[in-house]
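Shown next, in structure tokens, is the structure this report addresses.
The values are calculated or read from the model by the stated rules, or taken from the named source; none is laboratory data. All of these numbers come straight from a predicted model, not from anything done at the bench. No Cβ is skipped: glycine too gets one built from the backbone with ideal geometry, and neighbour counts run over all protein chains shown. Just so you know, the surface numbers come from the protein's heavy atoms only, side chains and all, with ligands and any DNA or RNA stripped out. Shrake-Rupley method; radii C 1.70, N 1.55, O 1.52, S 1.80 Å.
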Amino acid sequence: MKLAIATDHGGYPLKKSILDYLSKNKISYLDLGSDSEDSVDYPDYALKVAQMVSTQKVDGGILLCGTGIGMAIVANKFKGVRAAVLPDIHSAKMSKAHNNVNVIALGGRVLEAENALDIIRTWLETPFENARHSRRLAKISEIEEENFK
Ligand code: RB5
């Protein structure tokens with residue numbers, strides 16, 4: 001399992017705890033910036049992670065900004081990316097079980113670090129339920145094929 005992670009200034013305060021958590025749990029990752037609380041534009045960072053996931057160079061992505069919202073909007077412009085803002089544990093569980101989300105977006109101005117780590121742990125450990133949900137994901141892929149010609 002390899003992840004890519006990126007943040008803007010709004011998500012930066014969460015980044016160190018998350019990288020520590022990934023290292024401690026032997027989950028390999030690519031850190032694609034940014035590296036300070038200096039103001040940057042979230043699309044520039046979302047696209048780095050979304051490209052890696054879309055081209056299957058990594059298995060999943062973690063994006064951090066103030067709310068997670070801007071990052072998720074950008075990531076969902078990429079083929080094969082299913083990104084979601086995860087504000088709580090239940091959403092984290094369902095995002096994998098039902099939607100097989102491959103990019104999660106977290107809000108550095110919304111979540112405490114412990115909360116963010118619980119959300120990441122839940123997303124990583126929950127299996128996709130497949131069955132009827134595969135049919136729905138296939139419909140999403142069809143929509144994507146139609147709209148991204
Ligand atoms: C930056 O101020 C903020 O807009 C950004 O981090 C994010 O919350 C956008 O969705």
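For the chain, the spread of Cα positions along the three principal axes, ordered from largest to smallest, is 40, 31, 25 Å.
Per-atom-type breakdown for the chain gives carbon and sulfur 50% of the accessible area (1.4 Å probe, protein chains only). Electrostatic tally near Asp44: other residues with Cβ closer than 14 Å to its Cβ, Lys and Arg +1, Asp and Glu -1, net -2.
I'd like the distance separating the alpha-carbon centroids of region 62-102 and region 120-149, in whole Å. Each part's Cα centre sits 12 Å from the other's. Helix-only arithmetic for the chain: the sum of -39500 (n - 2.57) across DSSP H runs with n ≥ 4, divided by the residue total, places the mean residue ellipticity at 222 nm at -14500 deg cm²/dmol. Annotation: per residue accessible area for the chain equals 53 Å², rounded to a whole number [probe 1.4 Å, protein chains only]. Cross-link check: pairs Lys2/Lys24; Lys15/Lys93; Lys2/Lys93; Lys26/Lys57; Lys57/Lys79; Lys24/Lys77 evaluated at a Cα-Cα cut-off of 25 Å; pairs beyond the cut-off: Lys24/Lys77. Spin-label model, Asn25/Glu142: points 7 Å from Cα along the beta carbon direction are separated by 3.5 nm.
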